[in-house]
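First the structure, in the form of structure tokens, and then the observations on it.
The values are calculated or read from the model by the stated rules, or taken from the named source; none is laboratory data. Predicted model only: the values in this text are computed from it and were never measured. Because the Cβ atoms are built from the backbone with ideal geometry, glycine has one as well, and the counts that use them run over all protein chains shown.
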Amino acid sequence: MTSLSPATTGLPRRVRLGYGAGSVATGTFGTVPGLMLLPYLTDTLGIAPVLAGALVLVPKAWDVILNPIAGRISDHTVDPRGARRPWLLRGGIGLVIGFALIFAAPEMPTLAAVGWVLVAFLGTATAYAFFQVPYVAMPAELTDDPAERTRLLAWRVVLLALAILIAGGSAPAIRDAIGGRDGYRVMGLAMAAVLLVGVLAAYVGTRGTRSTQIAPAGGRLRDQLRVIAHVAAFRALLITFVVQALGFGAMLAGVDYLARYVLTSPGGDSSGTSTVLFVCFVGPGLVLTPLWSLVSRRLGKKRSYVAASFLLIAATVVLIGARSLPSGVTFAAVALAGIGYAGAQVFPMAMLPDVAAADAVTSGQSRIGVFTGIWTAGETLGLAVGPGLYALVLAVGGYVSSHGGDAAQPSSALTAIVLGFSLLPALLIAASLFWLRTYALSTEAPAPTEGLR
């Protein structure tokens, strides 16, 4: 690959910031559909919860097939700009256009609206795969220095948290300020603009970098997947992360419902409550993520990951009582869950490059594209199935869909809203620890937040 700077030297701050800014795109797309799409389908388009859950799931399920293929394609791309950077631009532009279309359905019959959202979301998910997989693969290739990789990931961690906070907090606020379908349309355009900033920043900011010279793995994709399936550390980490993503996806999908139907009095104005609830979940992580770095120094990444998971379980168990708890206690429990969530994002993100780098040393081949393809496929699927599970809980509880979001809900639906946001994630996160206990890697690089400077 043609290069301007060797991968073995320290990366300029411009590159660290530029690479990290790509998280503005990944954080926005990873958050906003999970937060806004299910309410849009059930309470604006009037789609029944089970069908709405399927619409959220199907495009992401497609990514499970597509992401490893996107990783392999980027592994074998030959381009003067490097193997990964061209895909940041190609996939990123498609992501921006597709996202705006998801929430732009015109007035049409319900069946036609279902088709509109399905096609737009499927196209957007496809574009995202070709942006996200190469993007996640880059840290293991931009430098072969573990400390430099840590500094690179530090920018990504902080900017990812900031992007999630801004996008997740502003999306419902924009919708509520305008209201109705137009609120969703304007929100979609605004978030598409945010995505564009992240895409262009990552593409331009990583200009002039070079990947470490590791030959792409040979053989068919199926053969590589079989080999990676036998990398025990990767398998354990992946399953843990995906199962937890199911819980996070359910919580994300439940924010708007909890804010409107549980934390707001009947007939009251819920404007802003979704934003406050979301900020309570994400905001503490932005401030306290560096503290997880201190915990990691003492306990190591795996034990710190376990500690963050237990904190999440404790907070979500408290939230089971959200229908009777004072609102302040509910917000505090959500904030506590947010602290645990921050750790549960930081540590697997830091552990994946360790696993990929160790595999490259052992095998002498670069399988990072396939690793990250499978990883992002799993994350995408988890964050899609989570809302699907939440929609199923709503359906069991008898939730009533509508075209204006003003349908009266039975008590069973309110209970379902709470349990889908609390008990369901608690059970999933607890189950994930069964696989995390089997994770083992002989060496660990520092957690990414240690390298921010």
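Assorted remarks:
- Selection count where residues are of a type in the set (A, V, I, L, M), closer than 17 Å to A308 by Cα and surrounded by 16 or more Cβ atoms within 10 Å (Cβ to Cβ), scope segment 428-442: 5
- Any hit, segment 213-228, residues being at pLDDT below 80, touching a Phe, Trp or Tyr at 6+ places or on another chain (Cβ under 7 Å) and either within 24 Å of E379 (Cα to Cα) or crowded, with 20+ Cβ neighbours inside 10 Å (or both): yes
- Failed criterion for L392 (all others in (1) assigned to a helix (DSSP H, G or I); (2) at pLDDT below 75; (3) more than 26 Å from L160 (Cβ to Cβ) hold): (2)
- Residue list for segment 183-197, filter: of a type in the set (V, I, T) and either surrounded by fewer than 19 Cβ atoms within 10 Å (Cβ to Cβ) or more than 17 Å from the chain's Cα centre (by Cα) (or both): V186, V197
- Residue match in segment 63-85 (condition: modelled with pLDDT of 90 or more, part of a helix (DSSP H, G or I) and crowded, with 18+ Cβ neighbours inside 10 Å): no
- Scanning segment 257-295 for residues that are modelled with pLDDT of 80 or more and either over 15 Å from L35 (Cα atoms) or basic (K, R) (or both) gives R260, Y261, V262, L263, L291, L294, V295.
- Close contacts from segment 50-61, counting a first residue that is at positive phi and a second that is assigned to a helix (DSSP H, G or I), with Cβ to Cβ under 8 Å and a gap of 6+ residues or different chains, come to none at all.
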